[in-house]
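One structure below.
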There are 2 protein chains.
Amino acid sequence: MKALVIAAGMGSRLSTMTNNRPKPLAGLLGLSLVERVILTARDASVREFVVVVGYLGAMIKEELGDGSKYGVEITYIENPDWHRGNALSVLKAREVLNERFFLLMSDHIFEPAALMEAGSFSLDDREVLMVVDGAPRDYIDMEDATRVMVSDGRVVRIGKGLSEYNAVDCGIFSCSTSLFDALQEGLMQGEETLSGGMQRLADKGMLKAYDLEGRFWIDIDTEEAFRKAENLLCRSLIKPTDGFISRYLNRPISIRISRILVKTGIKPDTISISSFTLSLLAALLLSFGSYLPVLLGGLLVQASSVLDGCDGEVARLKFQQSDYGAWFDAVLDRYADAAVILGLTYGWWFSHNGDYLVWVTGYLALTGSLMNSYTAIKYDTVVLKEQEGSSWRFGRDTRSFLIMLGAVLNQLFSLLVILAVIANFVSVRRLYVLRKT
Amino acid sequence: MKALVIAAGMGSRLSTMTNNRPKPLAGLLGLSLVERVILTARDASVREFVVVVGYLGAMIKEELGDGSKYGVEITYIENPDWHRGNALSVLKAREVLNERFFLLMSDHIFEPAALMEAGSFSLDDREVLMVVDGAPRDYIDMEDATRVMVSDGRVVRIGKGLSEYNAVDCGIFSCSTSLFDALQEGLMQGEETLSGGMQRLADKGMLKAYDLEGRFWIDIDTEEAFRKAENLLCRSLIKPTDGFISRYLNRPISIRISRILVKTGIKPDTISISSFTLSLLAALLLSFGSYLPVLLGGLLVQASSVLDGCDGEVARLKFQQSDYGAWFDAVLDRYADAAVILGLTYGWWFSHNGDYLVWVTGYLALTGSLMNSYTAIKYDTVVLKEQEGSSWRFGRDTRSFLIMLGAVLNQLFSLLVILAVIANFVSVRRLYVLRKT
């Protein structure tokens with residue numbers, strides 16, 4: 001299915017944020033609003049876009065180009081009447097859309113899943129589907145939202161001023177071409193808004209409703225909504241597999257860093273490599289064995305662990321995730337772990353005239369650490385499927401934190417013993433836990 | 001779909017192998033013929049079986065029971081007329097089969113995929129599908145095979161003596177209940193064979209043919225066919241991911257061992273643990289450092305590597321594969337690798353007054369070895385999808401072989417250096433190779 005994206009308006013209420021640029025180009029966590037809508041739809045398998053531009057349209061066209069940089073195809077329709085109602089923008093695309101299409105607003109941010117489900121909803125040839133939110137969260141501006149009354153799976157009334165309503169319009173539609181007829185009809189009677197056309201479809205019983213049931217969406221009309229969207233997107237970066245240290249120490253910091261990083265052109269892989277380099281430097285410092293470099297090394301290990309969260313965060317915020325990227329990061333992490341444990345084993349042995357037991361312990365700590373990661377691949381898949389939320393883990397976040405603690409307390413040998421015991425225990429425990437599933 | 005399994009005959013030609021037991025109970029690589037047919041069908045998602053017994057039927061019923069030990073449901077039908085034609089055995093099941101079912105012979109061994117594809121073949125309500133082999137391999141006894149003439153996707157003639165034919169009957173069918181009518185009709189005219197009934201269906205254009213296109217099947221009627229089947233099943237145990245050492249040194253030995261092991265009740269997990277224990281013993285011997293124990297340790301490492309193939313082989317031959325079992329084996333292997341490298345590092349350091357560089361090298365060899373296994377999880381999935389056959393690997397088979405070589409030559413330090421360099425190089429190379437896919 002193609003998607004029609006309406007990006008013709010001026011967005012006067014956001015003028016403080018747009019600096020004489022059209023609202024669809026307002027930057028939200030490293031992507032303009034319209035880019036984010038296009039990339040969200042791309043994640044829902046849409047590959048062809050028709051973008052209606054109006055106010056400062058040339059600027060939008062220059063920014064998005066033909067879509068090849070996003071791996072999609074974008075064609076443009078110009079609407080010189082952008083200052084009039086948005087029905088006109090939709091109607092301009094009538095000539096190029098003769099099959100079912102998605103209709104999206106450039107200022108409505110949402111989850112890909114909402115669009116995917118709208119796309120697989122069963123409809124007859126003439127029906128239009130409106131995605132609605134039957135239980136809007138507190139961050140939805142109910143004063144400004146387009147309210148709808150849904151009855152028996154169909155929208156019956158629609159309007160901003162509706163006093164009786166049970167859902168709000170999310171600005172996401174799966175449209176048949178009958179929408180154009182309804183809009184044209186409205187236009188003849190002086191009604192220039194999209195909602196007007198939708199009301200006409202509703203009157204004929206042709207407007208179905210699909211409730212996105214708690215999935216994320218937001219209409220970005222004000223500076224406040226803009227900030228809300230940023231915070232909500234950032235909060236969604238916390239993963240169910242995140243351990244305690246990651247959730248309460250690393251993420252709060254890494255997300256702050258990622259918010260800055262998304263505004264630069266820095267790629268996730270570059271962040272992975274930077275975090276890896278930091279670990280190598282930490283390993284070198286730890287290998288000196290004396291307190292000051294060990295302390296610095298320990299702090300660097302923790303810093304690297306924080307930065308290690310940023311590659312994935314930036315990738316997700318900018319739609320740059322890839323299987324390869326995640327794996328590349330994971331392999332670098334394992335080598336970083338190995339380097340750090342080697343550094344601190346050597347450092348302690350060298351500075352404390354240690355015997356071979358230091359080496360054996362370091363060796364066991366390394367084995368445990370790598371086996372933790374090895375067994376996690378299967379464990380996380382199985383356990384995540386079976387139970388929501390966090391499971392019994394001894395992840396990299398915890399190991400790195402313990403290393404920092406060991407360095408601060410200058411107790412690297414005890415640390416190695418602890419790592420060796422816990423990491424191997426956790427790995428072997430997984431053999432037992434998974435046997436029972 | 002249910003499966004009807006014909007296990008009523010005596011199999012006089014195999015009497016030398018059956019020792020007064022009915023032919024369906026003849027043991028082939030640890031499973032009786034009829035067990036193997038049932039387990040093959042289970043792999044093709046069949047859960048309900050109707051088994052027709054005749055000659056020594058009580059023995060078969062006692063052996064298979066209600067099927068719960070195979071995770072399926074088995075009901076029995078007795079055919080006291082088992083010495084007459086096999087059409088009678090099929091007809092006995094008429095009462096209990098009123099929907100489409102698979103018809104299988106207890107002495108026809110085949111790949112699950114052949115049955116799965118037969119099951120998903122599109123047929124109308126009255127049609128019967130015969131799985132045929134249009135290009136029978138040299139191990140199919142053409143003198144004894146039931147020959148068929150296929151034209152336009154339909155079987156037109158069928159019979160052992162057919163002089164003109166273009167395929168052979170594999171003894172696997174997807175049947176509608178119209179088969180019973182055809183058999184009944186035949187019976188009235190004195191025709192008691194299944195082939196006779198099939199010819200009647202063919203005459204009415206109701207017998208479709210599906211060519212299994214090179215998939216494995218064999219009809220086990222003679223001692224020769226029996227041996228052929230054993231050898232072919234064993235040969236299929238060589239995996240596409242097998243490295244050079246595995247393919248040409250380990251497998252030929254491990255398959256010979258597995259052929260013995262399948263006849264015992266030893267479970268795959270027990271074999272994994274035995275191989276692991278052998279590795280721990282090897283690690284202990286290597287840690288002594290002096291030549292004799294090191295030599296023994298090295299040989300044990302190779303022995304453990306050979307035995308490590310048997311768990312998977314036995315599991316596949318006896319339909320005992322499980323995701324968990326494969327993973328359990330893999331985790332034990334990693335710990336075995338770690339133990340062996342620790343043993344030989346310590347042994348060399350201790351017996352050669354080595355300095356910390358021995359430990360550092362052992363450390364790098366361990367990292368490389370574990371990272372090899374860590375990266376292989378993704379590498380094998382991606383590369384196997386893209387290209388058939390073997391890829392650039394440095395698997396456990398090769399590493400274990402090198403360790404044996406190092407022990408025999410008493411050059412454990414050089415060995416550690418080689419392991420450290422190659423294993424890490426191979427792991428890092430994968431980052432590069434997969435980036436480009």
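The values are calculated or read from the model by the stated rules, or taken from the named source; none is laboratory data. None of these values were measured; they are calculated from a predicted model. Using ideal geometry, Cβ is built from the backbone for each residue, glycine included, and neighbour counts are taken over all protein chains shown.
Brief remarks follow.
- Of all residues making up region A:306-353, the number that are without any contact (Cβ under 8 Å) to a residue 60 or more places away in the chain and at positive phi: 1
- Residues within region A:310-333 that are assigned to a helix (DSSP H, G or I), closer than 23 Å to A:Thr264 by Cβ and within 13 Å of another protein chain (Cβ to nearest Cβ), tallied: 7
- Which numbered condition B:Leu307 fails, given (1) within 23 Å of A:Ala338 (Cβ to Cβ); (2) among the hydrophobic types (A, V, I, L, M, F, W, C); (3) more than 11 Å from every other protein chain (Cβ to nearest Cβ); (4) crowded, with 23+ Cβ neighbours inside 10 Å: (1)
- Scanning region B:183-201 for residues that are of a type in the set (A, V, I, L, M, F, W, C) and either surrounded by fewer than 23 Cβ atoms within 10 Å (Cβ to Cβ) or in a strand (DSSP E or B) (or both) returns B:Leu187, B:Met188.
- From the list B:Arg429, B:Arg399, B:Arg393, B:Arg435, the one residue that fits, being surrounded by 14 or more Cβ atoms within 10 Å (Cβ to Cβ) and more than 16 Å from B:Asp337 (Cβ to Cβ), is B:Arg429.
- Note on region A:289-309: residues that are part of a helix (DSSP H, G or I), more than 15 Å from A:Ser279 (Cα to Cα) and not aromatic (Phe, Trp, Tyr) total 1.
- Within region B:213-222, the set of residues being surrounded by 14 or more Cβ atoms within 10 Å (Cβ to Cβ) and more than 11 Å from B:Leu28 (Cβ to Cβ) comprises B:Arg215, B:Phe216, B:Trp217, B:Asp219, B:Asp221, B:Thr222.
- In region A:405-415, residue modelled with the highest pLDDT [restricted to those that are in contact with a Ser or Thr (Cβ under 9 Å, 6 or more places away or on another chain) and surrounded by 21 or more Cβ atoms within 10 Å (Cβ to Cβ)]: A:Gly406
- Total residues in region A:56-90, condition under 29 Å from the mean Cα position of the chain (by Cα), assigned to a loop (DSSP other than H, G, I, E, B) and buried (at least 16 other Cβ atoms within 10 Å of the Cβ): 3
- Filter result (assigned to a helix (DSSP H, G or I) and buried (at least 24 other Cβ atoms within 10 Å of the Cβ)) within region A:13-39: A:Lys23, A:Pro24, A:Leu33, A:Val34, A:Arg36, A:Val37, A:Ile38
- Of B:Ile245, B:Ile266, B:Ile271, all but one fail to be in the same structural domain as B:Tyr335 (by TED's automatic domain parsing) and buried (at least 22 other Cβ atoms within 10 Å of the Cβ); the exception is B:Ile271.
- A:Ala303 without any contact (Cβ under 8 Å) to a residue 40 or more places away in the chain and in the same structural domain as A:Leu409 (by TED's automatic domain parsing): yes
- Condition broken by B:Lys204, with the remaining ones in (1) within 15 Å of B:Arg154 (Cα to Cα); (2) crowded, with 18+ Cβ neighbours inside 10 Å satisfied: (2)
- The residues on offer are A:Gly161, A:Gly205, A:Gly196, and the sole one that is free of Cβ contacts under 8 Å to residues at least 24 places away in the same chain, more than 22 Å from A:Met1 (Cβ to Cβ) and not acidic (Asp, Glu) is A:Gly161.
Let's see how each residue does on (1) assigned by TED's automatic domain parsing to the domain that holds A:Asp133; (2) closer than 29 Å to A:Glu213 by Cα; (3) modelled with pLDDT of 95 or more:
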site: A:Thr16; (1), (2), (3): yes, no, no
site: A:Pro24; (1), (2), (3): yes, yes, no
site: A:Glu63; (1), (2), (3): yes, no, no
site: A:Ile74; (1), (2), (3): yes, no, yes
site: A:Ala87; (1), (2), (3): yes, yes, no
site: A:Ala113; (1), (2), (3): yes, yes, no
site: A:Glu117; (1), (2), (3): yes, yes, no
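- Taking region B:139-165 as the range and being small (Gly, Ala, Ser) and exposed (fewer than 13 other Cβ atoms within 10 Å of the Cβ) as the test, the residues that pass are B:Ser151, B:Gly153, B:Gly161, B:Ser163.
- Options B:Val46, B:Val52: the member that is of a type outside the set (S, T, N, Q), outside any helix (DSSP H, G or I) and touching a helix residue (DSSP H, G or I) at 6+ places or on another chain (Cβ under 6 Å): B:Val52
- Among the residues of region A:320-363, the ones that are surrounded by fewer than 17 Cβ atoms within 10 Å (Cβ to Cβ) and touching a Leu at 6+ places or on another chain (Cβ under 8 Å) come to 1 in all.
- Residue match in region B:81-97 (condition: more than 18 Å from B:Leu115 (Cβ to Cβ) and of a type in the set (Phe, Trp, Tyr)): yes
- Residue match in region B:334-352 (condition: out of contact with any strand residue (DSSP E or B) (no Cβ under 7 Å at 6 or more places or on another chain), more than 12 Å from chain A (Cβ to nearest Cβ) and at pLDDT below 90): no
- Residues (part of a helix (DSSP H, G or I) and among the small types (Gly, Ala, Ser)) located in region A:353-385: A:Gly362, A:Ala365, A:Gly368, A:Ser369, A:Ser373, A:Ala376
- Scan of region B:302-327 for residues that are under 15 Å from B:Pro252 (Cβ atoms) and of a type in the set (S, T, N, Q), ordered by number: B:Gln302, B:Ser305
- Of all residues in region A:410-432, those that are under 35 Å from the mean Cα position of the chain (by Cα) and either within 11 Å of another protein chain (Cβ to nearest Cβ) or outside any helix (DSSP H, G or I) (or both) total 6.
- Selection of region A:353-383 for residues being hydroxyl-bearing (Ser, Thr, Tyr) and more than 9 Å from chain B (Cβ to nearest Cβ) yields A:Thr361, A:Ser369, A:Tyr379, A:Thr381.
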